[in-house]
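There's a structure below that I have some questions on.
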Amino acid sequence: HLFAGAGTRGADLVAYLDSLGQDTIAARAAAVRAEPPPRPALPPSAERGRVLFAAWCASCHGAGGRGDGPLAAAIRIPALDLGKGSFFLLKDRPVGEPMADALARVVRHGFAPTPMPGHETLPDQDVADLVAYVMAVARAPEP
C-alpha cells in the first residue's frame, strides 16, 4: 500500500532506509580491513566453492558468475561480472595483500556502498572455498 497511487510514501521509506548507517561506513571499512583473513581447516576448493556459489551468489552473479543472475536486473548497481577478473573494486586493497584475502573480506562483509551483501555467518572454510571458485571463474575464458 505504500507504493500504491501517486504518493511518494514508498519511495520516501526506501530513501530513508538507504540512508541508515551512511555515517558509519568509514569506521566499518577500517574494522573490516583489520580483520584477519579466514583460516580454513582444509586447502580451499573451487569445487566446494562452486556448490556454495550456486546457493549464495548465483541469484545475482549468475550460475557462471557473469553478473546475469535472475535478480541482477533488480539491483541498482549491476552485479559484477566475475569472469572479467579485474576486481576493480579491490584496487585500493593494502599493498602486498593477496587478492584471495581481499576477496574473502568481500564475501564475508559485502562491499559498501554497493548492494553486495556480506555473509558474516559463513565458516572460514566456506569463505575460502567461495574465494577459490571466484578466482577460478576470473581465470576462465569467456563463454
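The values are calculated or read from the model by the stated rules, or taken from the named source; none is laboratory data. All values reported here derive from a predicted model rather than from experimental measurement. Because the Cβ atoms are built from the backbone with ideal geometry, glycine has one as well, and the counts that use them run over all protein chains shown. Please note that ligands, DNA and RNA were not included when accessible areas were found on the heavy atoms of the full protein model with its side chains. Shrake-Rupley method; radii C 1.70, N 1.55, O 1.52, S 1.80 Å.
Skip the ligands, DNA and RNA, and give the accessible area per residue of the chain with a 1.4 Å probe, whole Å².
Per-residue accessible area for the chain comes out at 62 Å².
Averaging sequence separations of C-alpha pairs under 8 Å and six or more residues apart, then dividing by the length of region 89-140, give the relative contact order as a whole percent.
Numbers: 33 pairs, mean separation 15.3, N = 52.
Reported relative contact order: 29 percent.
Short version: what are the Cα gyration tensor semi-axes of region 71-143, square root of 5 times each eigenvalue, largest first, in whole Å?
Semi-axes (√(5λ), whole Å): 18, 16, 14.
For the chain, find the longest principal axis of its Cα atoms and tell me its angle to the long axis of helix 46-56, 0 to 90°, nearest 10.
10 degrees
Which value in deg cm²/dmol, rounded to the nearest 500, describes the helix-derived mean residue ellipticity at 222 nm for the chain, given -39,500 (n - 2.57) per DSSP H run of n ≥ 4 and division by the residue count?
-13000 deg cm²/dmol
Between region 117-136 and region 58-101, what's the alpha-carbon centroid distance in Å?
13 Å
A follow-up question, please. Could you tell me the largest-minus-smallest coordinate of the C-alpha atoms of region 81-122 on each of the three principal axes, in descending order and whole angstroms?
Reported extents, whole Å, longest axis first: 26, 21, 18.
Rounded if a/c is under 1.5, else prolate if a/b beats b/c, else oblate: with a ≥ b ≥ c from the C-alpha gyration tensor eigenvalues square-rooted, which is region 45-98?
oblate
A follow-up question, please. At a threshold of 8 angstrom on Cα-Cα distance, excluding pairs fewer than six apart, so keeping six or more, what relative contact order does the chain reach in percent?
Answer for the chain is 30 percent.
I'd like to know how the chain sits against the 2.2 N^0.38 Å rule of thumb: what's its Cα Rg over that expected value?
1.16
Could you look at the chain and say what percent of its accessible area is carbon and sulfur, using a 1.4 Å probe and all protein chains?
Numbers: 5690 of 8880 Å².
For the chain, the apolar C and S fraction of the accessible surface comes to 64 percent.
Hey, quick one: spin label on residue 18, modelled 7 Å out along Cα-Cβ, who in region 64-79 has an amide N within reach, i.e. under 11 Å?
Within reach of a label on residue 18, which here means backbone N under 11 Å from a point 7 Å along Cα→Cβ, region 64-79 contributes 76-77.
Considering only protein heavy atoms, what is the solvent-accessible area of residue 95 at a probe of 1.4 Å, reported in Å² to the nearest 10?
Looks like 150 Å² after rounding.
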